[in-house]
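> Here it is, the structure in full.
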Amino acid sequence: MKMNRATALLGLTLAACSHEAAGVRLTKDVPSASVPAAKVEPVFYNGKTYQVSLSPEVNGNTSVSITGMSAAQTRDAAGLANSSFHHFVCKDSQKAVVTTPAFDGTSWRASAHCA
């Protein structure tokens, strides 16, 4: 009786093994980098509320877009881009490095990263 159990157990074990490629596959595929969606925040700055959009880029930088400011508000756009990027993205111990914003006719745009 013990011999029949041992034979049955050995038979089940061998039957579970398969030489077909449908089993577990190990690959060295690198997952594609996905970029999260943009975060849009209303920010109250110098008495007005502006819409600040923060869009992570594949290269590690973040695209900062500010709507609601005129083309003449260069200094305000730079200050808002720097402070809002630091507040929403960087840690307190990090510094925000923001390029000078450029007005494209509808919004101010800059690129930034934490250092």
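> Among residues belonging to segment 75-106 that are charged (D, E, K, R) and touching a residue at least 12 places away in the same chain (Cβ under 8 Å), point out the one that is farthest from Gly60 (Cα to Cα).
Asp76
> Looking only at residues in segment 100-115 that are among the aliphatic types (A, V, I, L, M) and part of a strand (DSSP E or B), which one is farthest from Thr49 (Cα to Cα)?
Result: Ala112.
Each value in this text was obtained by applying a stated rule to the coordinates, not by laboratory testing. Source: prediction; values computed, not measured. All Cβ positions, even for glycine, are placed from backbone atoms using ideal geometry, and neighbour counts span all protein chains on display.
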